[in-house]
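Structure record follows, encoded as structure tokens.
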């Protein structure tokens with residue numbers, strides 16, 4: 001640390017510098033933590049890349065390295081073989097369901113974000129109900145929903161019971177993200193719009209939605225990906241037709257070929273496309289606004 | 001009084017805005033929980049049907065079973081181990097990004113790098129450990145070729161170790177994000193002031209960073225604890241059927257249509273979970289922290 | 001109903017957020033059409049709440065707000081013919097200068113060509129033509145203020161409400177924009193209501209200064225009256241420039257009375273308009289700081305000066321055209337003399353010097 005002091009005589013001892021000098025010698029902790037970080041990222045991505053690579057083996061391929069040949073055999077196998085189940089159908093359903101969940105999540109989270117701007121009587125009840133929905137064991141909730149449908153004489157299906165069960169998972173996330181987004185929204189913008197004669201709806205359409213657009217994209221990203229990967233709550237509520245994660249689950253139990261990895265590669269590509277589109281559009285919106293900072 | 005009418009009017013608009021949210025949570029969170037609660041007091045006809053009534057037999061059965069204790073111990077073991085590892089890794093990764101990376105844009109980029117897998121399939125991320133940890137996996141192969149071991153290690157995959165690895169792999173992100181947010185809000189001048197007062201690096205960590213990141217730690221802990229305690233999937237797959245947790249036993253019960261006992265055990269688990277979460281919530285006003 | 005004039009009357013206006021404490025407590029005030037009115041007071045005194053109630057962003061708990069002869073309570077902002085300029089301006093961050101200014105016309109359903117033409121005319125008026133396509137974040141503070149002004153003015157309001165419009169600017173720009181505000185007010189010929197906590201700003205701009213404390217009006221009047229003739233200790237201390245002394249009335253004779261402070265020499269104070277002062281009353285008096293003259297002990301007092309309070313100089317601050325000399329004249333209270341620069345440096349004092357603080361007898365004023 002003494003080196004730091006000597007390095008910055010004109011600025012005195014500065015904190016940023018003592019912990020992480022903005023120039024000059026880095027403290028030893030930097031190297032320790034940088035190694036930790038690198039190890040974490042490697043452990044995070046390493047295994048995933050292993051299965052992506054292994055999914056491109058040829059017909060001799062197995063579940064472990066070394067790589068046997070190179071082909072798209074297991075991808076074709078995935079979508080043509082009956083024994084791997086109805087991958088295509090479940091894939092379609094998952095995408096459709098995720099799109100519906102996304103739209104509903106964005107709309108409801110946005111409205112709830114508006115509602116929670118001011119405190120109102122009983123707001124804590126709603127808030128803690130939401131937290132409850134977030135932390136409740138998914139399988140238990142799913143079973144409860146399944147039993148409820150049974151008791152009401154309804155048959156569970158991916159577009160009814162599973163849709164609701166997934167919303168009970170995506171909405172708490174969406175609203176929490178909305179909270180963070182709203183805390184950066186200056187209520188004076190809304191008031192200014194009203195002052196200039198805008199109706200409530202005009203203020204929402206012309207001011208709130210465009211200003212909050214990046215945040216709403218983030219909510220959409222949460223909605224889509226959480227739904228697309230949801231498993232525990234969907235298991236007891238999807239009815240007779242599987243969603244993709246349920247299909248993968250049944251494959252883990254009875255498929256021992258690289259088909260499984262191929263499916264992993266395919267769904268990850270979809271995820272990456274969605275993430276890329278979302279982050280890209282957020283960046284685009286911010287760029288269009290001249291990289292300005294939103295005043296809190 | 002006019003003021004009371006204006007507060008009730010603003011309450012009404014508030015409720016109007018959150019009514020769609022409530023409209024989803026009531027049928028798909030509140031009602032299912034109540035259904036499970038009700039089912040836990042019902043009798044079973046042994047063929048998957050429920051016989052309405054009121055009996056505590058299911059609870060007696062669950063509480064008297066030696067298995068229950070074993071399941072809870074296993075669940076707690078997994079929860080504590082996962083919590084410790086995710087907290088340590090999450091805290092120091094966030095600390096590194098906020099206080100050690102000089103370029104802020106780079107810090108945000110690296111932060112996003114950590115969050116991307118969160119948005120991909122958990123199941124796939126879990127399966128992806130197979131080619132690494134398996135009997136003929138990369139790690140065993142590497143250890144054998146370097147001569148550290150002669151026989152492949154069996155404990156790597158389909159063991160408790162594999163379960164914890166999979167949890168930490170999936171859940172560390174839930175620690176990183178809130179802790180990163182909390183740390184990023186720490187005013188850098190505060191740390192400068194501490195340095196001026198002669199605080200060491202460790203003092204700063206102990207006296208400033210940790211207390212001010214407490215809300216993030218609490219929020220992350222809620223996520224990690226509730227997900228691990230509610231999980232059955234990772235335990236089932238990664239332990240290779242060797243271990244069980246409360247929820248995985250619940251899953252088996254449901255599989256053999258033992259609804260009432262399953263429901264009783266689910267209610268007990270939910271109570272434990274509620275107790276833990278409210279304990280954490282007592283230490284931090286989560287709502288104020290999020291909306292701030 | 002169409003509001004044509006910008007005169008405002010507040011009658012018994014109260015606002016309570018919790019039903020217990022009144023943030024605004026029975027305010028009565030009349031503001032003439034085309035006046036420049038400044039509300040001044042410390043933060044939390046209710047001045048911004050009054051502004052927001054006039055604007056229609058909050059409803060009064062009780063009382064009436066009358067603009068141009070119509071009670072506007074319950075009406076939406078746009079029907080009141082008011083426009084508000086928000087603190088730190090609240091310019092829409094996603095719209096350009098032109099779009100910001102055209103916003104009010106857009107929500108009124110004007111065609112794009114029509115509203116952009118009107119906006120451009122307004123942009124010219126506030127001299128922002130070259131910045132018309134910029135976003136707010138790309139403007140300086142002064143430019144942002146002009147956009148905010150133009151955005152509010154395009155609705156052709158009869159009343160413009162300004163919430164601390166200058167507080168986001170630095171010192172030099174503040175003086176400049178102050179003049180610009182006054183110019184705009186004259187050009188538009190409408191009522192301006194301006195909330196501030198800076199005394200200088202208020203007295204420099206306003207026809208009518210309203211001093212507030214804890215939800216109540218302490219004094220309202222022309223700038224000079226409020227500054228030179230504060231009604232009570234609060235106004236005197238808040239507006240500044242006054243020394244306030246407290247004491248007991250020892251004697252009343254004809255046009256004046258004698259104020260006694262502990263063991264010190266009595267101060268003679270003209271009664272002026274004050275009535276009902278009796279012997280034994282505790283009373284505050286005010287003496288303007290620039291009316292106080294300092295003489296060395298033994299020197300003769302300037303003509304007309306009666307009271308001479310012996311004091312010690314505790315601090316001296318050079319202020320440019322005058323020198324601020326702080327004295328220990330009153331125990332536990334400030335007592336300051338503003339001495340013209342030339343007078344001071346003709347015979348400068350040092351900290352610790354003993355001086356006599358004196359003033360022309362009729363310059364002292366009793367306070368309520």
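Round to the nearest 0.05 the FRET efficiency obtained for residue B:288 and residue C:301 when R0 = 45 Å and r is the Cβ-Cβ distance. Walk me through the numbers on the way to the answer.
Values: r = 63 Å, r/R0 = 1.41.
With a Förster radius of 45 Å, E is 0.10.
Order by neighbour count: C:305, C:45, fewest other Cβ atoms within 10 Å first, most last. Kindly include the intermediate steps, with their values, before the conclusion.
Values: C:305 17, C:45 24.
By the 10 Å Cβ count, ascending: C:305, C:45.
Counting partner chain Cβ atoms within 10 Å of every residue's Cβ in B:93-100, what's the average? Walk me through the numbers on the way to the answer.
On the way: counts 6, 1, 5, 10, 2, 2, 8, 12.
Other-chain Cβ atoms within 10 Å of each residue's Cβ, averaged: 6.
When the label point is put 7 Å from the Cα of residue B:135 along its Cα-to-beta-carbon vector, which residues of region A:245-283 have a backbone N closer than 20 Å?
A:252-258, by backbone N distance to the label point.
So what's the Cα pair-distance distribution over the protein assembly as shown, bin width 20 Å, in %?
In whole percents, the pair-distance histogram is 11, 31, 31, 18, 8, 1, 0.
Relative to the compact-globule scaling 2.2 N^0.38 Å, provide the ratio for the alpha-carbon radius of gyration of region C:8-233.
Details: Rg = 17.6 Å, N = 226, 2.2 N^0.38 = 17.3 Å.
Taking the Cα Rg and dividing by 2.2 N^0.38 Å, one obtains 1.02.
Mind checking A:117-126 for the average number of partner chain beta-carbons within 10 Å of each residue's beta-carbon? Before the final figure, lay out each step's value.
Details: counts 3, 5, 5, 12, 7, 5, 5, 1, 2, 7.
Mean shielding count: 5.
Assuming R0 = 51 Å, can you tell me the calculated FRET efficiency for the pair residue A:103 and residue C:248, based on Cβ-Cβ distance, to the nearest 0.05? The partial results should precede the final answer.
On the way: r = 77 Å, r/R0 = 1.52.
Computed FRET efficiency for residue A:103 and residue C:248 comes out at 0.10.
For region C:1-136, what are Rg and Dmax over the alpha carbons, in angstrom?
Taking only Cα atoms of region C:1-136, I get Rg and Dmax of 17.6, 52 Å.
How large is Rg over Rh for region B:167-244, taking Rg from the Cα atoms and Rh as the Kirkwood inverse mean of 1/r across Cα pairs?
Ratio value, two decimals: 1.21.
Using 7 Å Cα-to-Cβ label points, what is the residue C:290/residue A:284 separation (nm, one decimal)?
So the label points at residue C:290 and residue A:284 sit 6.3 nm apart.
Over the Cα atoms of chain B, Rg to Rh with Kirkwood Rh, two decimal places? Write down the numbers at each step before the final one.
Numbers: Rg = 23.8 Å, Rh = 22.6 Å.
Reported Rg/Rh (Cα atoms, Kirkwood Rh): 1.05.
What number in nm² do you get for region C:241-366 if you take the convex hull of its Cα atoms and divide its surface by four? Intermediate values should be presented prior to the final figure.
Values: hull surface 31.1 nm².
Its average projected convex-hull area is 7.8 nm².
Taking all pairs of different Cα atoms in chain A, averaging 1/r and flipping that mean, what Kirkwood radius in angstroms comes out? Walk me through the numbers before you get to the answer.
Details: mean 1/r = 0.0434 Å⁻¹.
Kirkwood radius, chain A: 23.0 Å.
Per residue of chain B, what 222 nm ellipticity follows from adding -39500 (n - 2.57) for every DSSP H run with n ≥ 4, rounded to the nearest 500?
Numbers: 16 runs with 207 residues, N = 292.
Value at 222 nm, helices only: -22500 deg cm²/dmol.
For chain C, what does the helix formula give at 222 nm: sum of -39500 (n - 2.57) over DSSP H segments with n ≥ 4, over the residue count, nearest 500 deg cm²/dmol?
Working: 9 runs with 91 residues, N = 368.
That calculation yields -7500 deg cm²/dmol at 222 nm.
Please compute the length gained on full extension between residue B:155 and residue B:70, using 0.36 nm multiplied by the number of residues separating them and subtracting their Cα-Cα distance.
On the way: separation 85, 0.36 × 85 = 30.60 nm, distance 2.06 nm.
Taking residue B:155 through residue B:70 to full extension adds about 28.5 nm, to one decimal.
Between residue A:155 and residue B:84, what FRET efficiency comes out of the Förster formula 1/(1 + (r/R0)^6) with R0 = 51 Å and r the beta carbon distance, rounded to 0.05?
Numbers: r = 44 Å, r/R0 = 0.87.
Plugging the Cβ-Cβ distance into 1/(1 + (r/R0)^6) gives 0.70.
For n ≥ 4 DSSP H runs only, could you compute -39500 (n - 2.57) per run for chain A, divide by its residues and tell me the 222 nm figure to the nearest 500? Write down the numbers at each step before the final one.
Numbers: 14 runs with 203 residues, N = 296.
Taken over chain A, the calculation gives -22500 deg cm²/dmol.
Along Cα→Cβ, 7 Å out, is where each label goes; now give me the distance between the ones at residue C:315 and residue C:129 in nm to one decimal.
In this crude label model, residue C:315 to residue C:129 measures out at 5.1 nm.
Can you pull the percent of Cα pairs in region B:96-219 with separation above 22 Å? Each step should come with its number before you reach the end.
Working: 4214 of 7626 pairs.
The proportion of pairs with Cα distances above 22 Å equals 55 percent.
Using only the alpha-carbon atoms, how far is helix C:112-125 inclined from the longest principal axis of chain C? Give it as 0 to 90 degrees, nearest 10.
So the inclination is approximately 30 degrees.
Quickly rank B:272-278, B:171-177, A:165-171 as a protection proxy: mean count of other C-beta atoms within 10 Å, highest first.
Peptide ranking by packing, descending: A:165-171, B:171-177, B:272-278.
In nm, to one decimal, how far is the residue A:184 label point from the residue A:38 one, both placed 7 Å along Cα→Cβ?
If labels sit at residue A:184 and residue A:38, their model points lie 3.2 nm apart.
Values quoted throughout were computed directly from the atomic coordinates according to the rules given, and no laboratory measurement underlies them. Keep in mind it's a predicted model, so treat the numbers as computed, not measured. Neighbour counts run over all protein chains shown; Cβ positions are idealised from the backbone, glycine included.
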